[in-house]
Amino acid sequence: MHQRYNESTANLKELMTVAPINPEVHAALLRGKVDTRRLMEDAREDARQRSEEVL
């Protein structure tokens, strides 16, 4: 059976000593993910509407 923890190549010391991400950077990353998801949802909805119009 595949174990997720086997995929990590970082050791615990590296994970615990890395500085946390800046809140502004984190917010920008989340906004980017949300924007990307909305674009994908809009494209999917447009494709669905076009396919309904054809039928």
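Just LEU29, LEU39, LEU12 to compare: in a GNM of the chain, with alpha carbon springs under 10 Å, which one fluctuates most?
LEU12
How would THR17, THR9, THR36 line up by accessible area, probe 1.4 Å, largest first?
Most to least solvent-accessible, the answer reads THR9, THR17, THR36.
Have a look at VAL34, ASN11, SER51 and report the one farthest towards the positive end of the charge dipole of the chain, computed about the Cα centre with Cβ charges (Lys/Arg +1, Asp/Glu -1).
Looking along the dipole axis, the top candidate is ASN11.
Rounded, prolate or oblate: which fits segment 8-51 when a ≥ b ≥ c are the square roots of the eigenvalues of the alpha-carbon gyration tensor, with rounded for a/c under 1.5 and prolate only if a/b beats b/c?
oblate
With +1 on each Lys and Arg Cβ and -1 on each Asp and Glu Cβ, and nothing else charged, work out how big the dipole of the chain is about its Cα centre, in Debye to the nearest 20.
With Lys and Arg at +1 and Asp and Glu at -1, about 240 debye.
Applying the Karplus parametrisation 6.51 cos²θ - 1.76 cosθ + 1.60 with θ = phi - 60° to the phi angles of segment 44-52, what ³J(HN,Hα) value in whole Hz is obtained for each residue in order, glycine and proline being reported as x?
5, 5, 4, 5, 5, 5, 5, 5, 5
Taking 0.36 nm per residue of sequence separation and subtracting the Cα-Cα distance, how much length would be gained by fully extending the chain between GLU24 and LEU12, in nm to one decimal?
Going from the current span to full extension adds 1.7 nm.
The values are calculated or read from the model by the stated rules, or taken from the named source; none is laboratory data. Bear in mind the structure is a predicted one, so any value in this text is a computation, not a measurement. Methodologically, a virtual Cβ is constructed for each residue, glycine included, from the backbone with ideal geometry; neighbour enumeration extends over all protein chains shown. Note: accessible area is taken over every heavy atom of the protein model, side chains too, but ligands, DNA and RNA are not part of it. Shrake-Rupley method; radii C 1.70, N 1.55, O 1.52, S 1.80 Å.
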